[in-house]
Amino acid sequence: MKIREDFLPLNRPSIGEKEINGVVNCLKSGWITTGPLCKQFEDMFCGLTGAPHAVSFCSGTAGMHLMMLALGLQDGDEVITPSMTFASTINMIVRCGAKPVFVDIHYDTLNINEALIEAAVTERTKAIIPVHFAGAPADMDTVLEIAGKYNLAVIEDAAHALGTFYKGIHAGGFGQTAIFSFHPLKNITTGEGGMITSGDSGLERRLRLLRFHGIERDAWKRYGKGGNPEYDINEPGFKYNLTDIQAALGLAQFARLEEFNTRRRELAGLYLESLEALKGLDMPGVPPYPHFHSWHLFVVKVTGIDRGAFMKKLAEYNIGYGIHFPPCHRFSYIKKIYGNLEEKLAETELAADRIVSLPLFPGMEDYDVFYVCEAIKEILSNG
Ligand SMILES: Cc1ncc(COP(=O)(O)O)c(C=O)c1O
């Protein structure tokens, strides 16, 4: 086949005139940091998830950090999570002095294996963090049941789950806490950004305080006409707020979420149709329970040839790729603290050396998918 001249990236954000106009209007408005647009963006998340509270952040990681602090994690506390997740979650757990307790995944969906969670609960367990991997929801009924039984917090890692529904409920709508990300790879972007949705008004208040130095009142209220510019701090906080410039971008993107996800689903369908029967490649599995997939990523597993050789070939065909994720139990610092955990994580190990994320973003054309599929067929047939 003829190799394309232009590079097809793993992802390219879809930024249109509405996004550009929204940002320009904010720039002209006289208020560019956290303010009314962040509030509107937060309200949109309450609407989407059904959660009564939403707080925006400069990243999902910042939100996760504050959640760990809000939980009061201490030395020796444990948090149950898959190792097949982004490093940020594990970094924040460890930074708070707590211990990540890794539970194996389902090889096909890359989601936490719910049947293994209960055995990982100890007296020190404080929370479970399921990841809705690539936009396929984790088994929330089981997670919530175990959390209820042992009085644990549930923090859904919904970074991939904008538009993900589990049995008719959107991620973040379970009365617990969920963390979203707006990194440019995500289903909508603010450049960088994150959101926590929650059912707990006390938690919301604490997160808002920790998000901005611990200062009681928002800056846009302090500096508004007749506002009181004085403030007190009861507990030292961070500088983790989203800006209105970013929220302007997010609001315009949010209005296109359904359009984006419809296109993602079509593209994923084309990949599945074209590649399903191919030997040497395992398709992304989908959960057995009723759900709606947001197709944040399309992650295949290469079984026919070495994954490194496969990626090298993709590059020769001018195709981008990613690895979501290098599993966290293999990181040097984790090994140094906890030793080798491979035996406990057999399916994670199996998937880890095989996974490759293929290009998937709403601006892709059908022929881009066909090109990738033809290239993969050639690569695998040439060994
Ligand atoms: C599963 C998962 N969790 C958390 C994060 C962290 O989000 P952010 O990049 O906004 O800090 C990401 C982002 O890549 C992610 O993919």
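The values are calculated or read from the model by the stated rules, or taken from the named source; none is laboratory data. Since we're looking at a predicted model, the values are computed, not measured. All Cβ positions, even for glycine, are placed from backbone atoms using ideal geometry, and neighbour counts span all protein chains on display.
Residue check: A54 meets all listed conditions (1) closer than 23 Å to F174 by Cβ; (2) assigned to a helix (DSSP H, G or I); (3) within 16 Å of the ligand (Cβ to nearest atom) but one, namely (2). Taking the condition within 16 Å of the ligand (Cβ to nearest atom), in contact (Cβ under 8 Å) with a residue 24 or more places away in the chain, part of a loop (DSSP other than H, G, I, E, B) and on the phi > 0 side of the Ramachandran plot, does G163 pass? Yes: the conditions hold for G163. Confirm whether Y166 is at pLDDT 95 or above and in contact with a Pro (Cβ under 9 Å, 6 or more places away or on another chain). When the stated conditions are applied, Y166 passes them. Just one of the listed residues (L249, L257, L270) is surrounded by 16 or more Cβ atoms within 10 Å (Cβ to Cβ) and over 22 Å from the mean Cα position of the chain (by Cα), and it is L270.
Listed here are the helices (runs of 4 or more DSSP H) enclosed by segment 295-353 that have at least 2 residues being among the hydroxyl-bearing types (S, T, Y) and exposed (fewer than 15 other Cβ atoms within 10 Å of the Cβ): 332-338.
Candidates L66, L110, L116: the one that is on the phi < 0 side of the Ramachandran plot and either of a type in the set (D, E) or in contact (Cβ under 8 Å) with a residue 24 or more places away in the chain (or both) is L66. A single member of A309, A352, A315, A375 is within 20 Å of G280 (Cα to Cα), among the hydrophobic types (A, V, I, L, M, F, W, C) and within 16 Å of the ligand (Cβ to nearest atom), and it is A352. Exactly one residue among Y338, Y367, Y371 is among the hydroxyl-bearing types (S, T, Y) and modelled with pLDDT under 95, and that residue is Y338. Looking for something in a helix (DSSP H, G or I), in the same structural domain as Q40 (by TED's automatic domain parsing) and not polar (S, T, N, Q) - is there at least one such residue anywhere in segment 230-240? For segment 230-240, residues in a helix (DSSP H, G or I), in the same structural domain as Q40 (by TED's automatic domain parsing) and not polar (S, T, N, Q): absent. Answer yes or no: is there a residue in segment 67-81 that is within 12 Å of the ligand (Cβ to nearest atom), over 14 Å from the mean Cα position of the chain (by Cα) and closer than 21 Å to F174 by Cβ. Within segment 67-81 (the criterion being within 12 Å of the ligand (Cβ to nearest atom), over 14 Å from the mean Cα position of the chain (by Cα) and closer than 21 Å to F174 by Cβ), the answer is yes, since at least one residue qualifies. Report yes if Y289 is surrounded by fewer than 19 Cβ atoms within 10 Å (Cβ to Cβ) and of a type in the set (S, T, Y), otherwise no. Against the criterion (surrounded by fewer than 19 Cβ atoms within 10 Å (Cβ to Cβ) and of a type in the set (S, T, Y)), Y289 qualifies. Remark: G35 falls outside the filter, which requires a residue to be without any contact (Cβ under 8 Å) to a residue 40 or more places away in the chain and in the same structural domain as A127 (by TED's automatic domain parsing).
Would it be correct to say that I112 is out of contact with any His (no Cβ under 9 Å at 6 or more places or on another chain) and crowded, with 22+ Cβ neighbours inside 10 Å? It is false that I112 is out of contact with any His (no Cβ under 9 Å at 6 or more places or on another chain) and crowded, with 22+ Cβ neighbours inside 10 Å. Within segment 115-124, is even one residue within 15 Å of the ligand (Cβ to nearest atom) and in contact with a helix residue (DSSP H, G or I) (Cβ under 8 Å, 6 or more places away or on another chain)? Scanning segment 115-124 turns up no residue that is within 15 Å of the ligand (Cβ to nearest atom) and in contact with a helix residue (DSSP H, G or I) (Cβ under 8 Å, 6 or more places away or on another chain).
All of G224, G269 fail the test of being part of a loop (DSSP other than H, G, I, E, B) and of a type in the set (G, A, S), apart from G224. Among residues that are at pLDDT 95 or above, more than 16 Å from the ligand (Cβ to nearest atom) and not basic (K, R), F174 is included. Of D368, D306, all but one fail to be in contact (Cβ under 8 Å) with a residue 24 or more places away in the chain and among the charged types (D, E, K, R); the exception is D368. Within segment 1-32, the set of residues being touching a residue at least 60 places away in the same chain (Cβ under 8 Å), closer than 12 Å to Q246 by Cα and aliphatic (A, V, I, L, M) comprises V23, L27, I32.
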